[in-house]
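Structure first, commentary second.
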Amino acid sequence: MATTNDLKNGLVLNLDNQLWQVLEFQHVKPGKGPAFVRTKLKNVISGKIIDKTFNAGTKVETANVDRRDMQYLYHDGTDYVFMDAKDYDQVNISADLVGDAANYMLENQDLQISFHEGTPLSVELPPSVELTITHTEPGLQGDRSTGGSKPATLETGYEIQVPLFLEEGVKVKVDTRSGDYLGRVK
């Protein structure tokens, strides 16, 4: 148990037998009336985001969430197989739970997986990854007033927009949160 004064970003709460992660919180002390805490919570399972207000000092139940360093091994039909870096245990995680992270995962890549009572909750990638362009059309300079972009397929099969000067075989840095091209890797 914790109080609303102990809330911080990333903390997972157990409210109404559901797990909610704190995305934002703000302590508010109005001139008149008691203080309260305004929060933005994300359901860990469904991804739904809600706004919830607590009275200051209210007790809330925190969930014990375990973040483990894992290594992505391979895709096995409908599941993705990961290995714990410490004890070499293998865990199968469904494609639904992996979600968009699959677009940026390469075999033998290190990442973090959150568990609650042995059940995997989410796959957390680093903020950016380095991937190689496997296919892109040649960029043609035309009558544009600004720099253009073109689609490029990465080694994971995911397609992003890149500047016209990039060619196949070039290693690029990609933002895992938005899928944006960040730059070339030297």
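The values are calculated or read from the model by the stated rules, or taken from the named source; none is laboratory data. These numbers come from a predicted model, not from an experiment. No Cβ is skipped: glycine too gets one built from the backbone with ideal geometry, and neighbour counts run over all protein chains shown. When the accessible area is computed, the model is the full protein with side chains, heavy atoms only, and any ligands, DNA or RNA have been set aside. Shrake-Rupley method; radii C 1.70, N 1.55, O 1.52, S 1.80 Å.
Rolling a 1.4 Å probe over the heavy atoms of the protein chains gives the chain an accessible area of 62 Å² per residue. Charge dipole of the chain (Cα centre as origin; +1 on each Lys and Arg Cβ, -1 on each Asp and Glu Cβ, all else neutral): 1240 debye, rounded to the nearest 20. Grab the beta carbon distance between His135 and Leu23, set R0 = 30 Å, and tell me the FRET efficiency rounded to 0.05. Approximately 0.25, to the nearest 0.05.
Applied to the stretch 99-107, the Karplus parametrisation 6.51 cos²θ - 1.76 cosθ + 1.60 on θ = phi - 60° returns per-residue 3J(HN,Hα) values of x, 5, 4, 4, 5, 10, 8, 10, 4 Hz, with x for Gly and Pro. Each residue, Lys173 and Tyr74, gets one label point 7 Å from its Cα in the Cβ direction; the gap between the two is 3.3 nm. For the stretch 146-180 versus the stretch 113-141, the spacing of their alpha-carbon centroids is 13 Å. Here the spin labels are modelled as points 7 Å beyond Cα on the Cα-Cβ line, and at Asp89 and Gln112 they lie 1.9 nm apart.
Counting lysine pairs in the stretch 11-55 that sit 8 or more residues apart in sequence, or on different chains, and whose Cα atoms lie under 22 Å apart gives 6.
Among the GluC sites (Glu not before Pro) within the stretch 146-180, those in coil by DSSP and having at most 14 neighbouring Cβ atoms inside 10 Å are Glu155, Glu167, Glu168. Each of Pro163, Leu11, Thr53 was placed along the dipole of the chain (beta-carbon charges, centred on the mean Cα), and the one lying farthest toward the positive end is Thr53.
Taking a Cβ cut-off of under 10 Å around Leu41, the surrounding Lys, Arg, Asp and Glu residues balance to a net charge of +2, with basic ones at +1 and acidic ones at -1. Coupling constants for the stretch 118-131 follow from the phi torsions by the Karplus curve (6.51 cos²θ - 1.76 cosθ + 1.60, θ = phi - 60°), and in residue order they are x, 9, x, 9, 7, 10, 10, 8, x, x, 9, 10, 10, 10 Hz; glycine and proline get x. Accessible surface of the chain, 1.4 Å probe: 45 percent of it comes from carbon and sulfur atoms.
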